[in-house]
Number of protein chains: 4
Amino acid sequence: MERIRLGMVGGGIDANIGRVHRHAAWLDGAFDLVAGALSSTPEKSRASGRALGLAAERCYGSYAEMAEAEAAREDGIEAVAIVTPNHVHGPAAAAFLERGIHVICDKPLTATMEQAQALERAVRASQALFILTHNYTAYPMIRQAREMIAAGELGALRVVQVHYAQDWLARAGDSKQAEWRGDPARAGLGGAVGDIGTHAHNLACFVSGLPVERLAADLQAFVPGRAVDDNGHVLLRFAGGVRGMLWCSQVAVGHENGLSLKIYGDAGGLDWSQEEPDRLWFTPYGQPKRLLTRGGAGATAAARAISRVPGGHPEGYLEGFANLYTEAATAIRAARHGSRDLGLLPGLEEGLAGMRFITACVTSSAQDATWVTL
Amino acid sequence: MERIRLGMVGGGIDANIGRVHRHAAWLDGAFDLVAGALSSTPEKSRASGRALGLAAERCYGSYAEMAEAEAAREDGIEAVAIVTPNHVHGPAAAAFLERGIHVICDKPLTATMEQAQALERAVRASQALFILTHNYTAYPMIRQAREMIAAGELGALRVVQVHYAQDWLARAGDSKQAEWRGDPARAGLGGAVGDIGTHAHNLACFVSGLPVERLAADLQAFVPGRAVDDNGHVLLRFAGGVRGMLWCSQVAVGHENGLSLKIYGDAGGLDWSQEEPDRLWFTPYGQPKRLLTRGGAGATAAARAISRVPGGHPEGYLEGFANLYTEAATAIRAARHGSRDLGLLPGLEEGLAGMRFITACVTSSAQDATWVTL
Amino acid sequence: MERIRLGMVGGGIDANIGRVHRHAAWLDGAFDLVAGALSSTPEKSRASGRALGLAAERCYGSYAEMAEAEAAREDGIEAVAIVTPNHVHGPAAAAFLERGIHVICDKPLTATMEQAQALERAVRASQALFILTHNYTAYPMIRQAREMIAAGELGALRVVQVHYAQDWLARAGDSKQAEWRGDPARAGLGGAVGDIGTHAHNLACFVSGLPVERLAADLQAFVPGRAVDDNGHVLLRFAGGVRGMLWCSQVAVGHENGLSLKIYGDAGGLDWSQEEPDRLWFTPYGQPKRLLTRGGAGATAAARAISRVPGGHPEGYLEGFANLYTEAATAIRAARHGSRDLGLLPGLEEGLAGMRFITACVTSSAQDATWVTL
Amino acid sequence: MERIRLGMVGGGIDANIGRVHRHAAWLDGAFDLVAGALSSTPEKSRASGRALGLAAERCYGSYAEMAEAEAAREDGIEAVAIVTPNHVHGPAAAAFLERGIHVICDKPLTATMEQAQALERAVRASQALFILTHNYTAYPMIRQAREMIAAGELGALRVVQVHYAQDWLARAGDSKQAEWRGDPARAGLGGAVGDIGTHAHNLACFVSGLPVERLAADLQAFVPGRAVDDNGHVLLRFAGGVRGMLWCSQVAVGHENGLSLKIYGDAGGLDWSQEEPDRLWFTPYGQPKRLLTRGGAGATAAARAISRVPGGHPEGYLEGFANLYTEAATAIRAARHGSRDLGLLPGLEEGLAGMRFITACVTSSAQDATWVTL
């Protein structure tokens, strides 16, 4: 199997998220990175490209230039990873989609709902695939949790508790990553709620199989001078009478990437935490709690299918992220024969749902946490 | 030091909470149980009394009888523990208070706000002490957490997350303990919110040092036929701009007594869980997380003062509960000389705050989770 | 049920272990402490007695005086707790046993094997009971582990790993408790191996149901000037071909009372740690690990029988210790009618086995860790 | 930077360890796999090669054929990964080393001491590098632990406890991986002690900075019919008077890959477990325990240098393994200019030390656990 030729927009060598996408693309040997517009300044873009071993002529000064040039090459990229600040997602993705190049795009979908709608049109008009990296959905034990719920192992669902707590923005700082995330023009109106709340929302819906129908959000900006929220408390009402709570915070001192999900039904409960992703706690009602492990006795086929090493040899964030890339490679190969099937990969719908979630949170909070329908 | 003569209302030998109060009274050798109206049926009351070694003439058929008879004895009880269903708390407590007998009463204060107001009058009219067993406030590491916050170790507080999750009411049952808790006439309007939500509320306020000013509550009764809530999600606004969330549930399958409290300020974060009460996790901003243990290197004077065994020899629920009783014994001895000082013991004020919390939750939820001021 | 009249030898108000015995005796309301020879100096003994509310005439200057005087009283003590340094255990116990007073004695049995043999004669000559407080055997989940193994839930046993790690003697100190433990004349030849290794040995045998037949020990004294071992590594060969390892250390920085036991058979494995005593991890071969909790869904009758509060309300060290006392009370009441049955309580045999263990460790280590038969 | 051309001996698509090496080689984009002798049967080797996208002419029937052909190609491999059963390591490595091709070899070094000596000669005669994948040494927090000890943060070392517990061989089975490991001709005389005990030994020495000087081992084969040990208890004496214990087991039901290391000195203690590799627990004497995390506040430069994603986004087994490969790539690039420096990479010396360890364990156990000098 030949590797898929991949380009990247954003993700210069200093950028954290670009590095993540590259490791994810490489881990299973499914992609070669061959082109890039890796920075918003052409010079930096080329320096990053050289450091990554890209051919000089494929280090581009802008995504527009890259889309045009690569589409014209015989050996041009088949797919592009977009790992820029949020406001660039939409136009960059559209530039590749309209040339038939598949897009793997970081979340959230865009910075604004208008951009999202424009991107929606671009996706619908293209034969190429659009994949959104809600990477936490590709952890093996998350896939297993989803399957267990779909199979009824928790009975009728009742309550969903989801948290995403970090502390890296607990004080004002000037890192590049912090900077654009605090700027509504580039990040969108949501701060923590857009950056990590949207992951929590996506994960809760993915695992429960239920959409959020209404929410009431109380968002705060605790750090003086911050233009977007850095903490949010959200009451959730899912389809089917299921209730929940979402807490996202970037000022919760003591948390690194504390994404946790607990789901309760009338027949059982599940508990999972991103910082120990190989472990899923399952309590069938009236029985002892069980520790299900990826690759261990508790793993189902869904978990084993995206597992690389035996249980007890921990897999982590990059392996989960790589699962998305490797499934993307499979979808891209199928797309050569006309398939548009994304399987479990998140795409446009999940991106739009995320934008509605962010918008609803901001709207509700501005109205003193009244209920808003998504 | 002679032991204090104690009576008990409710708490027959089958009753869980009466047993807890007895162990707590005995552990430090500070009380003798000498009289009881241990059941609502006189016959059972006497059988329970005999099993506990009470003299036959001090096994009473009702609290009223007991209050009168004990007040008349030279060697009558100095204090009474009230461990009945909620609707009996108020009148029973009043019967002893008006005879100058100190009252140690289980929570919540009463079943209704009217009863609470009547009890408030009785407390204010009496020279005797009124102590409410919000027992979780007497865990050593909770006392330490409170002290650390008061000393500024967390900086300016921002966020409080408090949960109390159980699963023993996940299905309809007919245990005696479940039965009265589901009856608004005996338990009050709150279900989970009154039984355990009020503990969570009390603990959050005790440790943070802040009152809840406004709340928005979304309560549910998931189990068919249940007349009170069994799950509740509550947005909290504390004094001083601190925000929070409270979740209480008696249908969260997989939790036994999952009371957890996390508090974050601009200089640090604390994390404590009742199921491992000897441990307090403290993260000073920008430093590694630390494990503070009761009796260990991390313990402050506040924790050591109410600690019985060395660190690593776990203390638990009964030790925490006994701390209340032993502090009550000290307060009672001081009261002989005119003191009314309760120190850190919860009393009428905490009971009234709890009633306002329950009432606000029920009111807010009935109005679709609008904000209610406490 | 009237309380049993208890005396105490050793355990002045500053002494940690005496305090533990008192809480344990009081917790379930089964004993009254009415007499004491609480210190080796008569004056301190009386001061401690007063502080504990003992009648002045029952605060004795020596155990010998106490044994004689109490045996002569109509309302004399029925049982005595001996909580002195090890070298006093034997003669003090004998003084009470020969007067028909039951003895509850701290471990190890004595300081020397000669003392142990003398005590053995005293126990065999007396109608009174002799109970040794190997308290860890009375944790509910330890009882359950023993029952599960006896019932074959682990299949044929293979391996036993037991550790007891502390750090309170990691440096030379001069606390009273440290001082006598480092003096072979008072503690015996074993240091860590006698103080905590013997607990580990006892627990491993109690739960597995197997005696240690041979051992090879490598003992060390790391702290300069220490006359007894403060760390020991021991290879164990149990009856039936079961192999194991015991590690005891009082210089393992970071451990408070890290007593842990892991047992493996061909059908399953168990894992328990004293610092979380309510939890027992059980893995049936080929199945997910299960968390069995005291009072929870995983608890068997053996655990529930000695459980006071619901699961998730943690019980700890004092509750476990109190289980021994309350079972002792039951045995003492039965002894009034001629019974000598100790049930699961540890007694003389366990004490002698402990002495053989200590002696074998010291002997083996002196011979460069050659095998010694117990 | 161009990728290094890599070949592989062993590691057909069904083989677990070959897959691990490939992911490790790919994760950072430092290697291309271009040739292989992937199976001991030529046909399977070619099928595996095709599935991995190798050119048909570079799918070889044997390592000898591959060494010769690749050495003759202009674009031949620069390095080879050897992932066969143990008895093939030596001759295969020699075949490449003598042609100047760098070798990355799985552990243990060889099946027998004779093979080890032959390989030693081949390594010493070659200009090419020889790297042994004791992969656990490349976890960031292990590197940090080593650095902390070297810097004196634990003071003078005293005790080292190291365990490696698995349960996948608790019963007789016929998986290919189990089969050769139970055959002394292919695995060597050590079973568990060779397969995982040698990892534990290597890790303890790497982190402590100390060699094991003497050991006494008690090895067992619990599963009927097994020709090699499946459980081993080993007393360790390190240089400088440091004592320790090593336990390795492949029959410890409930453990997946339970490799844990605890090291204690007079100034502090460290505790690390492979199943949570991003966490290192550090207790400075007399202070609270601290949680040091990879990428978090507790991480030192040594940990950050081999860290890919922020703290709280877990890295695992493959990331650790990839650290070895990426450091190997650096060493290989430097070797083009004459360097032979392996930095912290394990190589021949570590391999020989491992062989001495295995041999000493088997010898000691055969002599009833007498001390053997390494």
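Bear in mind these aren't lab numbers, they're just calculated from the coordinates by the rules spelled out. Small disclaimer: the values here were computed from a predicted structure and weren't measured. Cβ coordinates were reconstructed from backbone atoms using ideal geometry, including for glycine residues, and neighbour counts include every protein chain displayed.
Observations
- Derived scalar couplings ³J(HN,Hα) [the stretch D:337-342; Karplus, 6.51 cos²θ - 1.76 cosθ + 1.60; whole Hz; x for Gly, Pro]: 10, x, 5, 10, 6, 9
- The antiparallel fraction among DSSP beta bridges confined to chain D stands at about 60%.
- Averaging the Cα positions of each part gives two centres, and for the stretch C:218-238 and the stretch B:307-374 these lie 48 Å apart.
- Sum of side-chain charges, residue D:351 neighbourhood, beta-carbon under 9 Å (Lys, Arg +1; Asp, Glu -1): -2
- GNM remark for chain C: springs join alpha carbons under 10 Å apart, and the peak mean-square fluctuation among C:125, C:79, C:145 falls on C:125.
- GNM result for chain A, Cα springs below 10 Å: residue of A:236, A:215, A:292 fluctuating most strongly: A:292
- Rh by Kirkwood over Cα pairs, then Stokes-Einstein D for the stretch A:4-128 at 0.890 mPa s and 25 °C, µm²/s: 174
- Each stretch of four or more DSSP H residues adds -39500 (n - 2.57); spread over every residue of the protein assembly as shown, this sum gives -10500 deg cm²/dmol at 222 nm.
- Inter-copy separations for residue D:287, label at 7 Å along Cα-Cβ, nm, ascending: 0.8, 4.6, 4.6
- Efficiency of FRET from Cβ geometry, residue B:113 and residue B:336, R₀ 41 Å, rounded to 0.05: 0.75
- Relative contact order (%) - the stretch D:4-128, alpha-carbon pairs under 8 angstrom, separation at least six: 23
- Cα gyration tensor category, rounded, prolate or oblate, for the stretch B:39-88 with a/c compared to 1.5: oblate
- Within a Gaussian network of chain A (alpha carbon springs, distance under 10 Å), most fluctuating of A:156, A:138, A:165: A:156
- Fraction of antiparallel bridges per DSSP, the protein assembly as shown only, in percent to nearest 5: 60
- For residue A:251, the residues whose amide H sits under 5 Å from its own are A:166, ignoring neighbours fewer than 5 places away on the same chain, with H placed 1.01 Å from N.
- Footprinting exposure proxy for D:50, C:237 (fewest neighbouring C-beta atoms within 10 Å first): D:50, C:237
- Placing a label point 7 Å from Cα along the Cα-to-Cβ direction at residue C:337 gives distances to the equivalent points in the other copies of 5.0, 8.3, 9.2 nm, listed shortest first.
- Sorted by Cβ neighbour density within 10 Å, fewest at the top, the residues D:48, A:62, D:208: A:62, D:48, D:208
- Cα centroid of the stretch D:116-188 to Cα centroid of the stretch C:105-145, whole Å: 45
- Amide H contacts of residue C:8 (H built 1.01 Å from N, under 5 Å, at least 5 apart or other chain): C:35, C:36, C:37, C:81
- D:105, C:361 arranged by Cβ crowding within 10 Å, fewest neighbours leading: D:105, C:361
- Listed values for the stretch A:82-87 are Karplus-derived 3J(HN,Hα) couplings in whole Hz (6.51 cos²θ - 1.76 cosθ + 1.60, θ = phi - 60°), namely 10, 9, 8, x, 4, 5, and x replaces Gly and Pro.
- Nearest-to-axis residue in chain D, judged by Cβ distance to the rotation axis that brings D onto B and given in whole Å, is D:290, 3.
- Shape category assigned to the stretch C:219-354 from the gyration tensor of Cα positions, a/c cut at 1.5: oblate
- The protein assembly as shown: C-alpha gyration tensor shape, a/c 1.5 cut-off, then a/b vs b/c: oblate
- Amide H contacts of residue A:269: A:283, A:285, each under 5 Å away and 5 or more positions distant or on a separate chain (H built 1.01 Å from N in the peptide plane; Pro and chain starts excluded).
- Under Karplus coefficients 6.51, -1.76 and 1.60, residue-wise ³J(HN,Hα) of the stretch B:229-245 in Hz, glycine/proline x: 5, 10, 7, x, 10, 9, 7, 10, 10, 8, 4, x, x, 6, 10, x, 9
- With q set to 0.11 Å⁻¹, the log10 of I(q)/I(0) for chain C, from the Debye formula over equal scatterers at the Cα positions, is -0.76.
- Label-point distances for residue A:180 to the equivalent site in the other copies, using a point 7 angstrom along Cα→C-beta, read 4.9, 6.3, 7.1 nm when ranked shortest first.
- From the Kirkwood radius over Cα pairs of the stretch C:153-302, Stokes-Einstein at 37 °C and 0.692 mPa s returns a whole-number translational diffusion coefficient of 199 µm²/s.
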